[in-house]
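Comments concern the structure below.
What follows is calculated from the coordinates using simple rules that are stated; it is not laboratory data. Quick caveat: nothing in here was measured; it's all calculated off a predicted structure. When we count neighbours, we look across all protein chains shown, and the Cβ atoms used for this are built from the backbone with ideal geometry, even at glycine.
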Amino acid sequence: MGAALLEEEEISVRMAGLPAWVRDGAQIRREVEAASFLAGIELVDRVARAAEDADHHPDIDIRWRTVTFALSTHSAGGLTAKDFDLAAVIDRLAAQGEG
Ligand SMILES: C[C@H](O)[C@H](O)[C@H]1CNC2=NC(N)=NC(=O)C2=N1
């Protein structure tokens, strides 16, 4: 059984807990500016491993040292808890790469 689509109110509550993310219809999105191109690639590598563990995979756009992650549950046709859970993991990994 797949993850259930979240109600709008639940999405609002979860967005409030993820200030780096923006809502874009059926997906949520966050940009990370890494210290360098290679630091961005290393972040993508860590996120890829977390995504495999979760069996949930972000769309990833890499432009020099700006990496954009977008999350949506394609099988459900919108946002589910899986998206917000992985967003929190991405935030943690992005913060590890800072400073
Ligand atoms: C079978 C497997 O669980 C599905 O194909 C998963 C894999 N990763 C996925 N990732 C995302 N973002 N959405 C999905 O619906 C999805 N489905």
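Tabulated data for the structure shown
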{"read-out": "At most 11 other Cβ within 10 Å, DSSP loop - GluC sites (Glu not before Pro), the range 1-89", "value": "E7"}
{"read-out": "Label-to-label distance, nm, for residues given as A76 and R23 (7 Å Cα→Cβ offset)", "value": "1.5"}
{"read-out": "Nearest-ten-degree value, helix 81-96 long axis tilted from longest Cα axis of the chain", "value": "20"}
{"read-out": "Label-to-label distance, nm, for residues given as E10 and A48 (7 Å Cα→Cβ offset)", "value": "3.2"}
{"read-out": "Theoretical gain in end-to-end length, T68 to A39 [0.36 nm per residue, Cα-Cα removed]", "value": "9.1 nm"}
{"read-out": "Volume in Å³ per residue [convex hull over Cα atoms, computed for the chain]", "value": "85"}
{"read-out": "Residue-averaged 222 nm ellipticity for the chain, from DSSP H runs of 4+ at -39500 (n - 2.57), nearest 500", "value": "-14000 deg cm²/dmol"}
{"read-out": "Neighbourhood net charge (10 Å Cβ-Cβ; Lys/Arg +1, Asp/Glu -1) for H56", "value": "-4"}
{"read-out": "The chain - share of DSSP beta bridges that are antiparallel (%, nearest 5)", "value": "100"}
